[in-house]
1. About its Cα centre, how strong a charge dipole does the range 165-284 have in debye, to the nearest 20, once Lys and Arg get +1 and Asp and Glu get -1 at the Cβ?
2. Label points 7 Å out from Cα along the Cβ direction at residue 272 and residue 133: separation in nm?
3. Using a 1.4 angstrom probe, figure out how much accessible area the range 170-300 has per residue, in square angstrom, rounded to the nearest whole.
4. Find which of 197, 158, 148 sits farthest along the positive direction of the dipole of the range 104-200, computed with +1 on the beta-carbon of Lys and Arg, -1 on that of Asp and Glu, about the Cα centre.
5. Beta carbons within 10 angstrom, averaged per residue: use that to sort the peptides 105-117, 192-204, highest first.
6. Which ³J(HN,Hα) values in Hz, rounded to whole numbers, follow from the phi angles of the range 45-57 under the Karplus curve 6.51 cos²θ - 1.76 cosθ + 1.60, where θ = phi - 60° and Gly and Pro get x?
7. In debye, nearest 20: dipole of the chain around its Cα centre with unit charges on the Cβ of K, R (+) and D, E (-)?
8. Give the calculated FRET efficiency between residue 7 and residue 52 to the nearest 0.05, with a Förster radius of 22 Å applied to their Cβ-Cβ distance.
Amino acid sequence: MRAKIEIFARSGDTLGEGPVWSADEQALYWIDIAHRQLRRKGWGGHNHQSWSLPDYPGCLALFGPGQIALAMGDGVQRLDIARSALDRVASTPRQFAGTRFNDGKVDPRGRFWAGTMQNNFAENGTVRTVERDLGALYRFDPDGQVHMMADTLGIPNGLTWAPDGRRFYMADSAHGAIFDYDFDIDAGALGGRAVLFDGADFGIPDGATIDVDGCLWSARWDGHAILRITPSGNVDRVVEMPVPRPTSCVFGGPDLRTLLVTSASMGLSAAELATYPNSGAVFAVEDIGQGLAIPPFGSC
């Protein structure tokens, strides 16, 4: 049975990413990395809000009432929504030159994890190919400590945790694979790593989320699809999307039963944009599963 897919927001994003659902506000936050924008749209609302940012945001997290945490620049910045004011929460140690933040997420204990990658945006706004494994993975703790957890990554993406917190998943889009790590939830430490899925026929792995059954929903750049991947690495559902470059997803809505999917128009030709005019929109996929609430940064 084909999934019911509707447009949630006609945001026209160049590189829509990082969707986070706020249950308190019944609203979706996400970013357009290329245009340095934070966006928000309420459930059932007709208009969405945007805030301009001074640098390329990689990912975001909820951070207390009226506040959003952004991995951006040299660390994590806190945005006070009402005042549109930014202040630095934590700086990243040993960040490699020529990199920017990319995907990230808050773990079940309230620690904010964020990856970096070779900066693919030139000063004139053109997009460059990522050629080197300059990326790293950082853990930002609620007490202000920052730890580098992994390095020599290409494009870290799709960070998420199993419902019991004992598995950590992360894709490296530059290498086309999703990895499965042992995870110590109490210590916030990574253990052994194995390949969960590397199906090149389905496009490139981008952002991801987890459902109540412990299955990973992976957005597939140039794959026109979202895949549901079981903990054993099998694809048990393919949701065909009306755009070639879905970028990330999160479960939202009143009961977390709507998959909200960001997308990109970046890099598409004029012919492709004519064929897929809704590229850059946010989509709502109804009743295909149920997600888990993601805690705010520093909440646990």
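1. So the dipole magnitude of the range 165-284 works out to roughly 180 debye.
2. 2.6 nm
3. 38 Å²
4. 158
5. Ranking, from highest mean packing down: 105-117, 192-204.
6. 3J(HN,Hα) across the range 45-57, in whole Hz: x, 10, 10, 10, 9, 9, 10, 7, 10, x, 8, 6, x.
7. The dipole of the chain has a size of about 460 debye.
8. After rounding, the FRET efficiency stands at 0.40.
The values are calculated or read from the model by the stated rules, or taken from the named source; none is laboratory data. Quick caveat, the model's predicted, so the values are computed rather than measured. Note that each Cβ is placed from the backbone with ideal geometry, even for glycine, and that neighbours are counted across all protein chains shown. Ligands, DNA and RNA are stripped out before the accessible areas are found, and what is left, the full protein with its side chains, is counted by its heavy atoms. Shrake-Rupley method; radii C 1.70, N 1.55, O 1.52, S 1.80 Å.
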